[in-house]
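No lab work stands behind these numbers, since they all come straight from the coordinates. Just so it is clear, the structure is predicted and the values come from calculations on it, not from any experiment. Using ideal geometry, Cβ is built from the backbone for each residue, glycine included, and neighbour counts are taken over all protein chains shown.
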């Protein structure tokens, strides 16, 4: 499980778009991953990992998770992703992400070290 | 509890809108239902049902859930819906839903077999 | 933990924007708070509080939550907020929030009685 701060990548995309007032959608393209907004604090990230492991423990066996009858072992990752969410929508104001003081955007992968796949879509004027 | 794949309905709405670049909001209009994106795999859907039942068990009695003092018996469904989410926002690129390889849109009803009520709103150019 | 109905504030912002067809983003600017849509029923709100306390109990000690090594005692609030979500996106149709029959917008603060900070962003024509 890995949480990566992608705020800078999103800021660059917003700047390049030239949009001054609008919305920015950021979503994971993998269904075992999340994009979410919270604090960039390593202790908290450990807390998320432990907590998600408690809510939806990894278990490769198809006894606990029927999804794992397909040969996959990542059913737990599909569940964890629902808790953390697929996407965020952020306001763009005066050409910048309109954030509260501690808001940072993270990509969370719950199924091992896959390549990150994020979509950023910006609309507005 | 029932999970229905509504991807095709959304694709039709996007096509009919004529929008090439934009955003598509899809949300449940019932507050005991969810719209979410994940994999169309029946085992996984069973896993979601079991897991949600563990996190927020059905219990008609007002002892566990105060909401059921109102004569309702669906407090658990209001809780399950928060885990799975109310809505998704999907990018539209070149006139199509801009999806990762396994992304499909589902409507999940957690309070028996009610009529499905979905809102699809498309904006862009 | 406090849940406040902010639907009216959002309706006023939509009216003042003059937008007839579009999207309205409403998000919490605090990372220990949520904006979500559900029913305005006090029993249900008590149920949410109890349930979230069960899923992510308050515990100021850094033994349960590493985040609390920073001197904070609100790690649980960062977890609760992920269950309830950061934001909602609501369709605007004919100048009004396009809602199902019981949908109301709430601000939920999970870390004591902080000042509420909400962002409302409206786009469309």
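Rounded, prolate or oblate: pick one for the protein assembly as shown, where a ≥ b ≥ c are the square roots of the eigenvalues of its C-alpha gyration tensor, a/c under 1.5 means rounded, and failing that, prolate if a/b is larger than b/c, else oblate. Because its axes are fairly even, with a/c under 1.5, the protein assembly as shown counts as rounded. Taking the three principal axes of the alpha carbon atoms in chain B, the coordinate ranges are 52, 30, 19 Å, sorted in descending order. Taking chain A as the reference, fit the longest principal axis to its C-alpha atoms, fit the long axis of helix A:7-17 to the helix C-alpha atoms, and give the angle between the two in degrees, 0 to 90, nearest 10. Long axis of A:7-17 versus the principal axis of chain A: about 40 degrees. Comparing Cα centroids, the range A:58-82 and the range B:47-65 end up 20 angstrom apart. Per the helix-only calculation at 222 nm, which mean residue ellipticity applies to chain B, given -39500 (n - 2.57) for every DSSP H run of n ≥ 4 and division by its residues, nearest 500 deg cm²/dmol? Calculated from helices alone, the mean residue ellipticity at 222 nm is -8500 deg cm²/dmol. Remark: mean inter-chain Cβ contacts per residue of A:33-42 equal 4, using a 10 Å Cβ-Cβ cutoff to other protein chain atoms. Once the Cα atoms are used to define both axes, helix C:42-55 deviates from the longest principal axis of chain C by about 40 degrees. Take each residue of peptide A:103-110, count the partner chain Cβ atoms within 10 Å of its Cβ, and average: the result is 1.
By the beta-carbon count within 10 Å of each Cβ, the least crowded to most crowded order of B:16, C:103, fewest first, is B:16, C:103.
Taking Cα pairs under 8 Å and at least six residues apart, what relative contact order does chain A come out at, in percent?
51
Taking every residue in B:14-23 and counting other chain Cβ atoms within 10 Å of its Cβ, the average works out to 2.
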